[in-house]
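Reviewing the structure listed below.
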């Protein structure tokens, strides 16, 4: 019987694409999801489904039985939450249960989805790499702290409990199919001509979703245990992003940019609204800071050690825009 590949978080954007590439490669694929999770992203694939919660240790061990590689793509990315407890419960404590199960099951590799938000800023103006220590995580709020704690936990298990773990520091992903990602929604709005403004000089590291997923498969084969790999293709401004999407949709791109100082004011107003209204608001000081604070990155280690050569992310942004527009047309025809 062939070894099985386990994808945890297959209902998510990245997890679904890792699942798809494994299935299309001909692997036996098992996915770990909640019973309430959407399966639309992999309903067309022949995969084994197992259901459970991260606190169910027995179910985790059983899910990993006979597994070659665990691709761990479970992330709570809601940086705007007023109550940070869910971020730590999922990203750190839930992960701990999965790591214990992986050690017990003696899997060959544990490929962990981290974030470029744990990479530091270089002191000499060069693009940052995996060796730059993160000295700004306190500015990223509980979300970045939780992701940094999760990454540290994985690396500690590698050192102390012989976990065959590889850490993937993934940037913001774009591409198709994309059924639910919040950053994909920005592409959809721009392609539909429903975004009159953009976020000034804000910039971010980006990568195509298929390239990101392919990096995970390469890491399972070539990644060094206990190492981190930046999975990001380029540094792109928000203006470039929405312009590509708008031009793909044949509409005018947004022409009004909100300056960063104004964005910061909007973020502070969001903070105030959270306190007064006692509800979460997506735009707050932390989410605004994350739009412009992270530095340009150097992904040459992933190229050198994994053989990872990413394509231009702009191409996958166009594919994402076309995906949304085609879905709109399909819905309109069915109405």
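The values are calculated or read from the model by the stated rules, or taken from the named source; none is laboratory data. Not measured: the values here are computed from a predicted model. When we count neighbours, we look across all protein chains shown, and the Cβ atoms used for this are built from the backbone with ideal geometry, even at glycine.
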Out of (1) in contact (Cβ under 8 Å) with a residue 12 or more places away in the chain; (2) over 30 Å from residue 282 (Cβ atoms), the one residue 74 does not meet is (2)
So for region 264-282 (the condition being within 23 Å of the chain's Cα centre (by Cα), closer than 30 Å to residue 154 by Cβ and surrounded by fewer than 18 Cβ atoms within 10 Å (Cβ to Cβ)), does at least one residue qualify? yes
Would you say residue 79 is closer than 21 Å to residue 320 by Cβ, touching a residue at least 60 places away in the same chain (Cβ under 8 Å) and assigned to a loop (DSSP other than H, G, I, E, B)? no
Report the residue count in region 17-39 for those that are touching a residue at least 12 places away in the same chain (Cβ under 8 Å), assigned to a loop (DSSP other than H, G, I, E, B) and surrounded by fewer than 18 Cβ atoms within 10 Å (Cβ to Cβ). 5
Test result for residue 230, assigned to a helix (DSSP H, G or I), at negative phi, buried (at least 20 other Cβ atoms within 10 Å of the Cβ) and at pLDDT 95 or above: no
How many residues are within 21 Å of residue 94 (Cβ to Cβ), touching a residue at least 40 places away in the same chain (Cβ under 8 Å) and part of a helix (DSSP H, G or I) when one looks only at region 108-144? 7
Taking residue 305 as the residue in question, decide whether it is exposed (fewer than 13 other Cβ atoms within 10 Å of the Cβ), at pLDDT 90 or above and assigned to a helix (DSSP H, G or I). no
Of all residues making up region 221-247, the number that are under 19 Å from the mean Cα position of the chain (by Cα) and either in contact (Cβ under 8 Å) with a residue 40 or more places away in the chain or closer than 18 Å to residue 129 by Cβ (or both): 13
Go through 65, 49 for me and flag whichever is touching a strand residue (DSSP E or B) at 6+ places or on another chain (Cβ under 6 Å) and surrounded by fewer than 21 Cβ atoms within 10 Å (Cβ to Cβ). 49
Out of all the residues in region 90-107, which are surrounded by fewer than 17 Cβ atoms within 10 Å (Cβ to Cβ) and either at pLDDT below 95 or part of a loop (DSSP other than H, G, I, E, B) (or both)? 106
Is there a residue being in contact with a strand residue (DSSP E or B) (Cβ under 7 Å, 6 or more places away or on another chain), in a helix (DSSP H, G or I), over 21 Å from residue 317 (Cβ atoms) and modelled with pLDDT of 95 or more anywhere in region 293-302? yes
Might you check whether a residue that is at pLDDT 95 or above and in contact with a strand residue (DSSP E or B) (Cβ under 7 Å, 6 or more places away or on another chain) occurs anywhere in region 178-199? no
Residue count for region 202-220, restricted to those that are over 14 Å from the mean Cα position of the chain (by Cα) and either without any contact (Cβ under 8 Å) to a residue 60 or more places away in the chain or buried (at least 23 other Cβ atoms within 10 Å of the Cβ) (or both): 1
Which numbered condition in (1) in a loop (DSSP other than H, G, I, E, B); (2) in contact with a helix residue (DSSP H, G or I) (Cβ under 8 Å, 6 or more places away or on another chain) is the only one that residue 167 fails? (1)
